[in-house]
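Novice: One structure is given below, represented as structure tokens, and several questions about it will come after.
Coordinate-derived values only; no laboratory data. From a predicted model like this one, the values you see are computed outputs, not experimental measurements. Quick reminder, even Gly has a Cβ in these numbers, built from the backbone with ideal geometry, and neighbours come from all protein chains shown.
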Amino acid sequence: MSQHSIFEPYQLGPLSLKNKIVMAPLTRSRSNDEGVVPTYAAEYYAQRAGAGLIVAEATNISAQARGYAKTPGIWSEAQVEGWKPVTEAVHKAGGLFFLQLWHTGRISHPDLHNGELPVAPSAVKPEGQAFTNQGMKDHVTPRALDKSELPGILDDYRKAARNAREAGFDGVEIHSANSYLLDQFLRDSTNLRADEYGGSIENRLRFPLEATAAVIDGFGDAARVGTRLTPGGTQPGNTPLDSTPNETYGRYVEELAKLGIVYLHVVEGTAYVSREVPGNAVDFEALRKRFTGTYIDNNALDLKMAEKLLDEHKAELVCFGRDFIANPDLVERFRTGAPIADAPKETWYGGDQHGYTDWPVATNVPQLQNA
Ligand SMILES: Cc1cc2nc3c(=O)[nH]c(=O)nc-3n(C[C@H](O)[C@H](O)[C@H](O)COP(=O)(O)O)c2cc1C
């Protein structure tokens, strides 16, 4: 039995987390075509309520935000009603639950928008393919957003945050990572705008910071708003990194701190692959020091590495993604040393309860019965 501080409580703004382990947002692509989560999502998330905090899967703030078939939304009444039993189930199981707010921008496809082009800061085509109801399809060149359209998207962020609160979430995480809309504004590889939303770092930060202010306004409490970043990019990568990531994201996190958000959630390294960024292009430690609130570290961690990060005060909270898929009782397995199961990739996206709610707990561990 491990007694490490990772299993001790942590105060995140107004919320008392029972341990320092966060469940990462994980898209599982089981929502219907109206963006309503399945009823069995309540069981799935409640099974994982041993985490100190669960961040729910990326959830579209509007129809325009969609980039993948079968992902949930939080703009319609039916979607809000769909989430309510899920948040109730997590709370009943003793968990705390944030919703990740998503606009995919150019990482989308006309099939998801009745034939209209996806929108982005600039008309720059991503590499790769989109997940549509008709299977994988090549990305297209998006339509550059007119400045007059931006206030409408800020309203969508505000409304989505308000809806998340109405649905019973304890807070929201702004998805400013993985090359989606806000990241597309931040990076000079995808933002070629000539107006006050492009060019200098200050200009490229403008829209993501306005979106943050809108979300804080909508949820009504900055201490219940966090932001997720991937300055080192993702693999497979469809977006080149910013040319000066340390300056761009460094300035960004300073401004986010000024807005009073409660946490910064950073995917360190290259998401999915390694904790390294080619050429050591990003100094994560320097980034962390420029943010004054709680720092959550994610990406390719195991228990030992996570404990070391906490011991060395390199993070206040640690986050696990893939391990939560096949180990609903991940925290108990960590605590007791039970083996960690692997989820085959076929179960990650789409389908039904199979590979979703039917992963067993580690039955050979008696402590689980009392958890
Ligand atoms: C199936 C799957 C779905 C994911 N969905 C999201 C998502 O909705 N939002 C997000 O920010 N990251 C998403 N990610 C990335 C994870 O949150 C996490 O950053 C990544 O898996 C690395 O952490 P890990 O090594 O602990 O798995 C997803 C990853 C996987 C494997």
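Novice: Can you spot the aspartates and glutamates whose alpha carbon is less than 13 Å from Lys314's alpha carbon? Ignore those fewer than 8 places along the same chain.
Specialist: Cα-Cα hits under 13 Å: Glu268, Asp283, Glu285, Asp297.
Novice: How high is the relative contact order of the chain, in percent, with contacts defined as C-alpha pairs under 8 Å that are six or more residues apart?
Specialist: 16
Novice: Take the chain, connect every pair of alpha-carbon atoms lying under 10 Å apart with a spring to form a Gaussian network, then pick out the residue of Glu43, Glu166, Glu312 with the largest mean-square fluctuation.
Specialist: Fluctuation is largest for Glu312.
Novice: Consider just the alpha-carbon atoms of the range 102-185 and return their Rg together with their Dmax, both in angstrom.
Specialist: 13.9, 37
Novice: Calculate the dipole size of the chain relative to its Cα centre from +1 charges on Lys and Arg beta carbons and -1 charges on Asp and Glu beta carbons; express the result in debye to the nearest 20.
Specialist: So the magnitude is around 200 debye.
Novice: Quick one: angle between helix 201-219 and the longest Cα principal axis of the chain, in degrees between 0 and 90, rounded to 10, please.
Specialist: Roughly 50 degrees, rounded to the nearest 10.
Novice: Computed FRET efficiency, Cβ-Cβ of Glu34 and Ser274, R0 30 Å: what is it to the nearest 0.05?
Specialist: With R0 = 30 Å, the Cβ-Cβ based efficiency is 0.20.
Novice: List Leu99, Leu53 from most exposed to least, where exposure is judged by having the fewest other Cβ atoms within 10 Å.
Specialist: So the residues, fewest neighbours to most, are Leu53, Leu99.
Novice: Cα-Cα over 26 Å: which of Lys18/Lys84; Lys70/Lys345; Lys84/Lys258?
Specialist: Lys84/Lys258
Novice: At a Förster distance of 51 Å, what's the computed FRET efficiency of Asn114 paired with Ser5, Cβ-Cβ distance as r, to 0.05?
Specialist: It comes out at approximately 0.50.
Novice: Quick one, what does Rg over Rh come out to for the range 35-125 if you take C-alpha atoms and the Kirkwood Rh?
Specialist: Rounded to two decimals, Rg/Rh equals 1.06.
Novice: If you count the DSSP beta bridges with both ends in the chain, what percent of them are antiparallel, to the nearest 5?
Specialist: 20
Novice: List the residues, sorted by chain then number, that are 5 or more residues from Asn178 or on another chain and whose placed amide H is less than 5 Å from its amide H.
Specialist: Amide H neighbours of Asn178: Thr230.
Novice: Hey, with R₀ at 35 Å, roughly what FRET efficiency would Ala63 and Glu254 work out to, going by the Cβ-Cβ distance, to 0.05?
Specialist: So, using R0 = 35 Å, E works out to roughly 0.55.
Novice: What number, in nm² with one decimal, is the all-direction average of the projected area of the convex hull of the alpha-carbon atoms of the chain?
Specialist: For the chain, averaging the hull's shadow over all directions gives 16.4 nm².
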